[in-house]
Amino acid sequence: DLEVYMGDIGRKKEICPLPVKKFSGRTRAYVKIQDGCNNFCSYCIVPYARGRIRSLAPVDVFQQLDVFVGEGYREMVLTGIHVGMYGRDLVPQESLTSLVRQISERKDGVRYRISSLEPGELTDEMLDCLAGSDNFMPHFHLPLQSGDDAILAKMNRKYSVNEFEKTIERILSVMPDSAIGLDVLVGFPGEDDRAFANTLELIERLPVTYLHVFPYSKRPGTMAEAMNNHLPKMVKDERASLLRELDHKKRTAFYSKYIGTTRRVLAESKKNKFKMMRGFSGNYIPIHFEAPASLSNQVVKVKIERIMDQNVFGTMLDSPDVSRTGRQGRLF
């Protein structure tokens, strides 16, 4: 018989530094600043598989940013398993807000995004820091998971529906053009019709931009696996389908708000069914426009003109921002 011997990942205290130079075929670079998680949500195996939070020291973060700047990247995403916990394990202790503030002081002509944050981590201090930044994009991704307080408690999530709503309000009060995406986990054990209706009604009234919908599936070794009242696949699929229809509605409503406006867009590629240049605005609107392939990886001004079945089309207004020193002002 084959025997496998493994160490206890929970005892790992330092992140494994894996310097990266290029992401093949991509105009966006991903900077892993953190690994592990301490949350122990009842459906999630990550804390057991990836261990506790471990952060990359700021000096190493900035070294990686410099490598990507040297490679010509114009947009970077700060990523990790639980990015909002960044720095709490370091000595001396750091914080994501402090890191964001330091990155905001860089004049490298790069647009920055944060991959995902828990609702409670978007403090007033963090939001003020992001709102005052010239290079962090007005784009947030939050794991809602459920719009029902009883299900959130069973999931071992650390917030209520009311607290989540207030987080959305605070974001839009300081950054009103923000794109806000939500993760939603549908069909959790015990999610009855009323609980799902609460989730649907909450998302319908929230001014959010898009949804990432995941039907619940069992993960061996998690608390949720042992719970009663697991739902049939058919029910989970039906509910996921309803949420994806709502995602379509939310995206269309958000994109429609910006028809007639001009946004700065990072041109990426013409490899799409329209054979047009495609890129994202600062607030994460994917826009198609006519432009030569040579403009890939350049930031250009595009006027949004029409939407066709969630596909956004516009017209490029000028030549790209060629400055790499930050003198072009806000990169939105």
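The values are calculated or read from the model by the stated rules, or taken from the named source; none is laboratory data. Here the structure is a predicted model, which means the values were calculated and not measured. Don't worry about glycine lacking a Cβ; one is built from the backbone with ideal geometry, like all the others, and counts go over all protein chains shown. Areas reflect the complete protein model, heavy atoms only, side chains present, ligands, DNA and RNA absent. Shrake-Rupley method; radii C 1.70, N 1.55, O 1.52, S 1.80 Å.
Using the Cα coordinates of region 128-204, the gyration tensor eigenvalues translate into equivalent-ellipsoid semi-axes of 28, 11, 10 Å, sorted from longest to shortest. Across all Cα pairs in the chain, the calculated P(r) in 10 Å bins from zero up to the longest distance comes to 5, 23, 31, 27, 12, 2, 0 percent per bin. Which of the helices in the chain, when you take each full DSSP H run, stretch at least 20 Å along the axis at their Cα atoms and have an average Kyte-Doolittle score of -0.5 or higher? Taking the DSSP H segments of the chain (at least 20 Å long, mean hydropathy at least -0.5), we get 161-174. Qualifying GluC sites (Glu not before Pro) in region 55-125, where qualification requires a DSSP coil assignment and no more than 12 other C-beta atoms within 10 Å, comprise 71, 105.
To the nearest 0.05, what FRET efficiency results for residue 228 and residue 104 with a Förster distance of 51 Å applied to their C-beta separation? Approximately 0.60, to the nearest 0.05.
For region 171-308, the Cβ-based charge dipole about the Cα centre amounts to some 760 debye (Lys, Arg positive; Asp, Glu negative; other atoms uncharged). Charge dipole of the chain (Cα centre as origin; +1 on each Lys and Arg Cβ, -1 on each Asp and Glu Cβ, all else neutral): 1120 debye, rounded to the nearest 20. Accessible area of residue 99, 1.4 Å probe, to the nearest 10 Å²? Counting only protein heavy atoms, the figure is 0 Å².
Note on residue 294: accessible area approximately 100 square angstrom, rounded to 10, probe 1.4 Å, nucleic acids and ligands left out. Selection among 229, 139, 199 by position relative to the dipole of the chain gives 139 as farthest towards the positive end (Cβ unit charges, Cα centre). Taking Lys and Arg as +1 and Asp and Glu as -1, the other residues whose beta-carbon sits under 13 Å from that of residue 314 total +3. What do you get for chymotrypsin sites (Phe, Trp or Tyr not before Pro) in region 191-293 restricted to DSSP loop and a cutoff of at most 14 other Cβ within 10 Å of the site's Cβ? Passing sites in region 191-293 are 274.
Rolling a 1.4 Å probe over the heavy atoms of the protein chains gives the chain an accessible area of 48 Å² per residue. Computed over protein heavy atoms with a 1.4 Å probe, the carbon and sulfur contribution to the accessible area of the chain reaches 52%. Between the residues 116, 80, 104, the greatest Cα displacement towards the positive end of the dipole of the chain, with unit charges on the Cβ of Lys, Arg, Asp and Glu, is found for 104. Taking the DSSP beta bridges with both ends in the chain, the antiparallel portion is around 50 percent.
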